[in-house]
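Notes follow the structure.
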Amino acid sequence: GAGVSQSPSNKVTEKGKDVELRCDPISGHTALYWYRQSLGQGLEFLIYFQGNSAPDKSGLPSDRFSAERTGGSVSTLTIQRTQQEDSAVYLCASSLVYASWEQYFGPGTRLTVT
Amino acid sequence: GESVGLHLPTLSVQEGDNSIINCAYSNSASDYFIWYKQESGKGPQFIIDIRSNMDKRQGQRVTVLLNKTVKHLSLQIAATQPGDSAVYFCAENTGANSKLTFGKGITLSVRP
């Protein structure tokens, strides 16, 4: 079956530009998570959705970061006025139910800000 | 403060040997501990989890041990295979929400 997909797989952007990263979770999964992984580092939790709502946005690094989820499915992570420190792999995961540790990850979007 | 960390950055083992990957945590309030495996170019893959009221859990070729006294978590892989080569992350959750705190990761390299 189809797993979690993310697009684009790679994104190179100039400093100051806005970017949108997309995540298609596994069909029927109610929970969706965004993480950021910098080179050689662990995963940094950004935000999660239960359905279309995001109860906890405290993991977002700054107000330049926002995320939404519509129809209980696709989610978009938007980074405005990108900075070089935003360069990382952005990973999306979904789980069947909320508070499940068996999260299924997508391949990630590698963002490079020049 | 709260942190999850790994003792060693890399581990090299001979194919067929058993591997032990260790992790230290500092948040005694964590409810669950989870191990993920990440192969090159892919997202992490769930391996096994253990609840804080357990001290051992076994899966297929893997065993997770939890020592709450010293706040130590380990992943044992039996008869390590080349396909086990990856970066392994331990993670913890306090149960309050779905937020997972990941360690930095340890690279397991399997020698043929």
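The values are calculated or read from the model by the stated rules, or taken from the named source; none is laboratory data. Keep in mind the model is a prediction, meaning the values are calculated, not measured. Neighbour counts are summed over all protein chains in view; Cβ atoms, including those assigned to glycine, are modelled from backbone coordinates with ideal geometry. All accessible areas refer to the heavy atoms of the entire protein, side chains included, with ligands and DNA or RNA removed. Shrake-Rupley method; radii C 1.70, N 1.55, O 1.52, S 1.80 Å.
Against the list (1) assigned to a strand (DSSP E or B); (2) within 8 Å of chain B (Cβ to nearest Cβ); (3) farther than 16 Å from A:Val4 by Cβ, the condition A:Thr78 fails is (2). Selection within region B:8-34: residues that are surrounded by 13 or more Cβ atoms within 10 Å (Cβ to Cβ) and facing chain A (nearest Cβ under 10 Å). The member of this set that is modelled with the lowest pLDDT is B:Asp31.
Residues considered: A:Ser27, A:Ser100. Of these, the only one that is in a loop (DSSP other than H, G, I, E, B), over 18 Å from A:Gln6 (Cβ atoms) and more than 13 Å from the chain's Cα centre (by Cα) is A:Ser100. Exactly one residue out of A:Lys57, A:Lys15 is surrounded by fewer than 16 Cβ atoms within 10 Å (Cβ to Cβ) and more than 28 Å from B:Tyr88 (Cα to Cα), and it is A:Lys15.
B:Lys42 satisfies every condition listed in (1) charged (D, E, K, R); (2) within 30 Å of A:Pro107 (Cβ to Cβ); (3) away from every other protein chain (no Cβ under 11 Å) except (3).
Suppose we filter region A:36-57 for residues that are small (Gly, Ala, Ser) and at the interface with chain B (Cβ under 9 Å from one of its Cβ atoms); how many remain? It would help to see each step written out before you state the result.
Step one: list which residues in region A:36-57 are small (Gly, Ala, Ser), which gives A:38, A:40, A:42, A:51, A:53-54.
Filter once more, so that each one left must be at the interface with chain B (Cβ under 9 Å from one of its Cβ atoms): A:40, A:42.
Total satisfying the criteria: 2.
Scanning region A:7-41 for residues that are at pLDDT below 95 and on the phi > 0 side of the Ramachandran plot yields A:Gly28, A:Gly40. The set of residues from region A:19-35 being open to solvent by less than 40 Å² (accessible area, probe 1.4 Å) and hydroxyl-bearing (Ser, Thr, Tyr) comprises A:Tyr33, A:Tyr35. Would you be able to say whether some residue in region B:85-106 is surrounded by fewer than 18 Cβ atoms within 10 Å (Cβ to Cβ) and without any contact (Cβ under 8 Å) to a residue 12 or more places away in the chain? The answer is yes, given that some residue of region B:85-106 is surrounded by fewer than 18 Cβ atoms within 10 Å (Cβ to Cβ) and without any contact (Cβ under 8 Å) to a residue 12 or more places away in the chain.
Here A:Ser100 fulfils each of the conditions (1) closer than 19 Å to B:Phe89 by Cα; (2) open to solvent by 40 Å² or more (accessible area, probe 1.4 Å) apart from (2).
For region A:62-73, indicate whether the set of residues that are free of Cβ contacts under 8 Å to residues at least 24 places away in the same chain, closer than 24 Å to B:Gly105 by Cβ and either touching a strand residue (DSSP E or B) at 6+ places or on another chain (Cβ under 8 Å) or open to solvent by 70 Å² or more (accessible area, probe 1.4 Å) (or both) is non-empty.
Taking region A:62-73 as the starting set, the residues that turn out to be free of Cβ contacts under 8 Å to residues at least 24 places away in the same chain are A:62-66, A:68, A:70-71.
If we keep only those that are closer than 24 Å to B:Gly105 by Cβ too, we end up with A:65.
Restricting the remaining residues to those that are either touching a strand residue (DSSP E or B) at 6+ places or on another chain (Cβ under 8 Å) or open to solvent by 70 Å² or more (accessible area, probe 1.4 Å) (or both) gives A:65.
Yes, region A:62-73 has at least one match.
Count of region A:94-113 residues, restricted to those that are closer than 15 Å to A:Leu46 by Cβ, more than 7 Å from chain B (Cβ to nearest Cβ) and modelled with pLDDT under 95, is 1.
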